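For reference, the structure discussed in these notes is given below.
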Amino acid sequence: MMTQCPKCNSTDIMVPLKTFAAGSGAQYVRITEPKTGAFQIRFSEDAEVSTAVCGSCGYAEQYVADAARLWKHWQKGYR
């Protein structure tokens, strides 16, 4: 999570800010279990995306709070 701006070095950081997709609420990333058969219910993992914004210059970064959980599923082949 951003605590200091990499562009201007300010510590005036607004975090976490929610980002929104048009008409649907917060943005999410989704990874899905790999397909292993013709008739398979595939599971997926979602993680909410948050944004950090520098109050001095406006630089913004997006991040996922629970990246470790997503990484575990990514290593299992979820994409």
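Backbone phi angles across the stretch 65-78, fed through the Karplus curve with coefficients 6.51, -1.76 and 1.60 (θ = phi - 60°), yield HN-Hα couplings of 5, 10, 5, 4, 5, 5, 4, 4, 6, 4, 5, 7, x, 4 Hz in residue order; Gly and Pro are listed as x. The 3J(HN,Hα) values that the Karplus relation (6.51, -1.76, 1.60; θ = phi - 60°) gives for the stretch 42-52 are, in residue order, 9, 8, 9, 10, 10, 9, 6, 9, 10, 10, 10 Hz. Gly and Pro appear as x. Estimated from helical segments only, the mean residue ellipticity of the chain at 222 nm is -3000 deg cm²/dmol, where each DSSP H run of four or more residues counts as -39500 (n - 2.57). Note on Q62 and S10: the extension gain reaches 17.0 nm, defined as 0.36 nm multiplied by sequence separation minus the Cα-Cα distance.
The shape of the chain comes out prolate: with a ≥ b ≥ c from the C-alpha gyration tensor, a/c is at least 1.5 and a/b beats b/c.
Can you work out the FRET efficiency for the pair T32 and M1, with r the C-beta to C-beta distance and R0 = 25 Å, to the nearest 0.05? Efficiency, from the Cβ-Cβ distance: 0.45.
Taking 16 Å as the straight-line reach from the Cα of K35, the lysines in range (excluding those fewer than 8 positions away in the same chain) are K76.
For the chain, modelled as a GNM whose springs connect Cα atoms under 10 angstrom apart, the maximal fluctuation among R69, R30, R42 occurs at R42.
Within the same chain, lysines fewer than 8 places from K7 are excluded, and of the rest, those with a Cα less than 25 Å from its Cα are K18.
Laboratory data are not the source of any read-out in this text; all were calculated from the coordinates shown. Given the structure is predicted, the values throughout are model-derived calculations rather than measurements. Backbone-built Cβ (ideal geometry, glycine too); neighbour counts: all protein chains shown.
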